[in-house]
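**Student:** Starting off with a structure, shown below.
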Amino acid sequence: MPRHRLTDEQWALIKDLFPLPKRMGRPPSDPRDMIDGILWILNTGAQWRDLPPDFGPRSTVWDHFDRWNHDGTLQAVLDRLRDDVEIDEELWCVDGTTVRAAKCAAGGGKGGIRRSPTITRWGAVAAV
């Protein structure tokens, strides 16, 4: 699982974004584990219930994700990590994958317009 965790150099870039723990009260969850859990979910595309227990309780990781997403902490983390990586401006990726959809996906239906024989018959009689 190390490939889904931050390296020590990456953690050194962002650790000052998280407040120091308070002196009293319940000890807080380790922010590095929380960030690693959030990045694991974002990298794998898995559901929150599939989060490995190594990152802590999934509800705790979700709560941190929700809070940090709303207060801008997560955006600051991603900006700092993105600034550390050099992106080649000449590299452009174009996805040429096509997926053919069924005819009914456009709303046309499978076999044309269905007509009820009774409604069609009575409608024709009423129109005469």
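The values are calculated or read from the model by the stated rules, or taken from the named source; none is laboratory data. Every value quoted in this text rests on a predicted model; they were computed, and no experiment measured them. Note: ideal-geometry Cβ built from the backbone for every residue, glycine included; neighbour counts use all protein chains shown.
**Student:** List the pairs whose first member sits in the stretch 18-32 and is at pLDDT 80 or above, whose second member is in a loop (DSSP other than H, G, I, E, B) and of a type in the set (A, V, I, L, M), and whose Cβ atoms are under 8 Å apart, counting only residues at least 6 apart or on separate chains?
**Tutor:** If the second residue must be in a loop (DSSP other than H, G, I, E, B) and of a type in the set (A, V, I, L, M), the pairs left are Arg32/Leu6.
**Student:** On to the next question. Filter the stretch 33-66 for residues that are crowded, with 16+ Cβ neighbours inside 10 Å and acidic (Asp, Glu) and give the result.
**Tutor:** The answer is Asp33, Asp36.
**Student:** Among the residues of the stretch 37-80, write down those that are within 13 Å of the chain's Cα centre (by Cα), of a type in the set (S, T, N, Q) and assigned to a helix (DSSP H, G or I).
**Tutor:** Scanning the stretch 37-80 gives Asn43, Thr44, Asn69.
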